[in-house]
1. Which whole-number percent is the relative contact order of the chain (Cα, under 8 Å, 6+ apart)?
2. For region 102-158, what does the equivalent ellipsoid look like in terms of its semi-axes, each the square root of 5 times an eigenvalue of the Cα gyration tensor, given largest first in whole Å?
3. Please state the shape class of region 55-155: rounded when a/c is under 1.5, otherwise prolate if a/b exceeds b/c and oblate if not, all from the C-alpha gyration tensor.
4. Distance between Cα centroids, region 161-185 to region 47-98: provide it in whole Å.
5. What ranking do 93, 162 get, fewest neighbouring Cβ atoms within 10 angstrom at the top?
6. With each pseudo-label sitting 7 Å past Cα toward Cβ, what's the residue 122-residue 108 distance in nm, one decimal?
7. Between rounded, prolate and oblate, where does the chain land on the alpha carbon gyration tensor, with a ≥ b ≥ c its root eigenvalues, rounded for a/c under 1.5, else prolate if a/b exceeds b/c?
8. Calculated from DSSP H runs of 4 or more alone, at -39500 (n - 2.57) each and per residue, what is the 222 nm mean residue ellipticity of the chain, nearest 500?
C-alpha cells in the first residue's frame, strides 16, 4: 500500500460525503456492463442520513489519500435488517444458516454493508487492509463479519476469497447472491 494512504474511520461530514461520492461513481447504474464486469460495482445506494446513522456506534473504515476518501468498508449492525429493501432477504437467509455448527442467528455478527475502492487505488492491497482494520476494531464485539455479493460481481467474489471469506450460501432474490463469512474472534 502506498505510504501516503492512511486507514482511519469516518469521523466527519466530509468523510461521509466522500463515501457517498465514491459510491455513486461505482454504482452499477453509472457503469457500462463492460466496466462493471472488469472492475466490479456496488449495488446499494445510501443517503447521507442513513450512512450517518450506520456510522454509530461502530464507525465505517475508510482509506484516505491526503484528505480524499479513496476506499471504504461500511459497518452495518442487525438493527438495519429491515431498513434497506434489497438487504432484507440477506438478513433472513443469514439468520436461518448454520456455520461451523452454530446457528448464526444466535451469534454476534456484523454486516460489512459495502466495500469500494476508487479505480486509481485498486490492486494496492487496500481491500485486504480495510478488512484487517475492520476485524481489528470489531473483534471485541463480534464473532463474524458477513456480507453478500452479487454472483455476477466476479472481481468482488475473488477479492473476498483472497481476504479470507468463504461462501456459506447462494440464493436468488431478484438475482443470484452469495453470502460470505469471515471469523474474526
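Readers should treat all values here as calculations from the given coordinates under stated rules, not as data from a laboratory. Only a predicted model underlies this, so the values are computations on that prediction, with no experimental measurement involved. Heads up, the Cβs are rebuilt from the backbone with ideal geometry, glycines too, and the neighbour counts pull from every protein chain shown.
1. That works out to 21 percent.
2. Square roots of five times the eigenvalues give 24, 16, 7 Å.
3. It is prolate, given that a/c is not under 1.5 and a/b is the larger ratio.
4. If we compute the Cα centre of each part, the gap is 16 Å.
5. Ranked by crowding around the Cβ, least crowded first: 162, 93.
6. With each label placed 7 Å out from Cα toward Cβ, I get 3.6 nm.
7. Rounded.
8. -9000 deg cm²/dmol, from helical runs alone.
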